[in-house]
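The next block holds one structure in the form of structure tokens; read it before the comments.
The values are calculated or read from the model by the stated rules, or taken from the named source; none is laboratory data. Source: prediction; values computed, not measured. Note: accessible area is taken over every heavy atom of the protein model, side chains too, but ligands, DNA and RNA are not part of it. Shrake-Rupley method; radii C 1.70, N 1.55, O 1.52, S 1.80 Å.
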Amino acid sequence: MGKLYRQFLPGSKVYMCKSCDAHLADFEDIISPNFQGKHGRAYLFKKVVNVSVGVPEQRIMMTGLHTVADISCKICQNVVGWKYEAAFDESQQYKVGKFILEKGMMISGWAD
């Protein structure tokens, strides 16, 4: 296996993997902080870095049927959330191509 490329985000407010401190997302890329993950509160992001996208599968969620793929930290391989690949309800189409990061799987890289 080749060398892993670890991306560092330039912003001052960065969310990082709780296990290995790899940068995952910029605060400015939050679409909504009001989502529910598998293990509690989660945030919807426009984009994320340092993740690998898994195999898409259909899941029934609180808002209906979606095709999602788990996302894992590239550095430590822990699952940190999922990517929306498809939504079957027209009102949920805004999620397609976006990412959920579970709050319990990340830390903020700034003092609150």
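Quick rundown of the values:
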quantity: Residues of the chain: accessible area per residue with a 1.4 Å probe, Å²; calculated: 58
quantity: Alpha-carbon centroid distance for the pair region 1-45 / region 55-108, whole angstrom; calculated: 13
quantity: Share of carbon and sulfur in the accessible heavy-atom surface of the chain [1.4 Å probe, %]; calculated: 53
quantity: At 1.002 mPa s and 20 °C, Stokes diffusion of the chain via Kirkwood alpha-carbon radius, µm² per second; calculated: 151
quantity: Residue among G40, G81, G97 with the largest mean-square fluctuation in a Gaussian network model of the chain, springs linking Cα atoms under 10 Å; calculated: G40
quantity: Normalised contact order of the chain, rounded percent, pairs of Cα under 8 Å and 6 or more residues apart; calculated: 28
